[in-house]
1. If you average the alpha carbon positions of segment 416-432 and of segment 151-178, how far apart do those two centres end up, in angstrom?
2. At Ala230 and Ser74, where each label point lies 7 Å from the Cα along Cα→Cβ, what is the point-to-point distance in nanometres?
3. So how do Arg310, Arg157 rank on accessible area, 1.4 Å probe, biggest first, that is with the largest at the start?
4. Tilt of helix 23-34 relative to the longest C-alpha principal axis of the chain, in degrees (0 to 90, nearest 10)?
5. Holding the Cα-Cα limit at 27 Å, pick out from Lys247/Lys510; Lys410/Lys510; Lys247/Lys492 the pairs that are longer than that.
6. Looking at segment 102-214, I'd like the Rg to Rh ratio, where Rg is from alpha-carbon atoms and Rh is Kirkwood's inverse mean 1/r.
7. Working from Cα positions, state the angle (0 to 90°, nearest 10) between the long axis of helix 523-535 and the longest principal axis of the chain.
8. For the chain, what is the accessible area per residue in Å² when the probe is 1.4 Å?
Amino acid sequence: MSRPRTRHNVTADYDAVIVGGGFSGLYALYRLRGLGLRVRLFERGSGVGGTWFWNRYPGLQCDTESLSYSFTFSPQLYRGWTWTSRFAPQQEILDYANYVTDRLDLLRDITFNTDVESAHYDDLTNQWVVGLGDGSEVTCTYFVTAVGPLSAANVPRLEGLDTFRGQVLHTGQWPQDGSADLTGKRVAVIGTGSSGVQVITALAGRVDQLVVFQRTPQYVMPTRQRPLAAQEIHSSKENLAGLVEQKLSSAFGAPGASTHRSVFDDGPNERMRVLDEGWNLGAQAFPLATYNDFLTNEEANRVASDFVRRKIADIVEDPMTAQSLMPDYYFGTKRPVQADGYYETYNRDDVHLVDTRVEAIETMTPAGIRTSAAEYGLDAIILATGFDAITGPLFSMDIQGRHGVTLREKWADGARVASYLGVATNGFPNMFMVQGPQSLSVMANFLCGIEVNVDWITGLLRRALASDAVQVEATADAETRWAQHCQDLVEKTLILKTPSWWTGANIEGKARSEFFTTYPGGVAEYAKALGRAEDNDYEGFLIRPARTAPSGDQQTALGAPAPVSA
Ligand code: NA7
């Protein structure tokens, strides 16, 4: 196989540069190196792990079962690691990321403590010029983003926050030096998404006073965390092929997480029995393995939301608090949250819920938080306020494609995000996104999505290298069709009826994209779409041999070039 070529055969520093040392970047590094490419991965942090490196707040655990939240491409790798519990806690997943790094011998190609600030495509050389945080630059042929969809912390503008004398923490930027010991302190948590719910449940009883500032209540389902039995670990290791098959034929990339039955297949009593069974099994069993029409039918959705609201009323002793905790939007239209014992925390005397819809936050003060009704004296404020999701991490870099057009401009500042298959976008030749916008990303088992995505990008590059091509680029037409497909799929659901970070509504002033920015059709359908494109010689991509690749000027004159078969 030949080396990647630039248009004028100017040797780039690297064949490929990868941004991000989370699981996406690690797997991309392994696969691209396997193609014989010279690859360098730049990571902002001082270690691998991405999400699991930065988010270290108490109570953090994965909400995909650990036996599925693992790489499955290598039986040796899979069998060499043993999870301890049904849902792995943060430290164990971070250990797993380090285990993967060691076993695949990845460290030698990783540079830590290095921000990638810019990446500019050079039309003349057909190289990417990558600008690093220390002011230096490196060049590469392929530019690969593996930045994760939830890595740009959302720190909202909260009046007076800089005057607060206590400690301010963000769940997504938790200190690594142990300086966040909150034992015995008066602590506020702002935000009740997955991070808030987990940190609240973990801190209740460990801190002196916990005040929760909730803007929107969540449907929180029990996790049913437990240690894994030796037998289930053994059988998953022995039956890895079966696990892979189940993941790839499922919607969410995990076995057993779906059903074909409608709410209307059962009468009221049987329905309650099925829902109770799902609730008792925990994890995704309640929403996914009970009925399949919660997200597509308003009446079915009401059955689910009423069921959870009744659970809240049963668990929470104070009726006013229970009422505040009850969501009034469609169940499942914000990403489902899981935690054991969350609603129970509100029965404690040392936990207080502030419903900011009725008791608005006015300002932070040097001593704490003042609301329209009271002043809360605090030692620490935890911002569990989430992320500028999906496009945020990409937009935080200055990425410029042909003719200096930035990714922000191309995607109309987020109003018209369009990628082809979630891996590439027209005008940005030789740039690939792992779990980018309009891939499975946050709507499936993340590790499963990474493997599907990276394997496919690797196949595409293998194809390009074999034909001595210099450029691989998605067509504008293919990406518009794919982006519209994502939008068509999501419009069949109730998802767009609720503002959420899935649509960018959590960030003040962020544009809502004309096209939904995640592929909502599930793992099996996504894998089929990738397979079809591959079977048709990577249909939707222009794979250009050196002799026909347009220069920047030709591109301007001719517009989008016709596909060239190599
Ligand atoms: P989320 O799910 O975006 O939750 C953030 C929470 O913070 C949510 O309750 C927000 O309320 C709240 N929030 C955000 N900004 C503010 C302000 N300005 N004032 C008050 N409350 C605010 O982020 P997470 O980190 O919990 O989870 C993200 C994903 O990471 C999760 O789904 C998993 O996939 C892992 P809102 O609902 O917007 O009214």
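1. Rounded to whole Å, the Cα centres lie 33 Å apart.
2. Each label point lies 7 Å from its Cα, and together they span 2.7 nm.
3. Correct descending sequence by accessible area is Arg157, Arg310.
4. With both axes taken from Cα atoms, the answer is about 20 degrees.
5. Cα-Cα > 27 Å for Lys247/Lys510; rest within.
6. Checking Rg against Rh, the ratio lands at 1.12.
7. 0
8. Value for the chain: 40 Å² per residue.
The values are calculated or read from the model by the stated rules, or taken from the named source; none is laboratory data. These figures come from a predicted structure and were not determined experimentally. Using ideal geometry, Cβ is built from the backbone for each residue, glycine included, and neighbour counts are taken over all protein chains shown. SASA here: full protein model, heavy atoms, side chains in, ligands and nucleic acids out. Shrake-Rupley method; radii C 1.70, N 1.55, O 1.52, S 1.80 Å.
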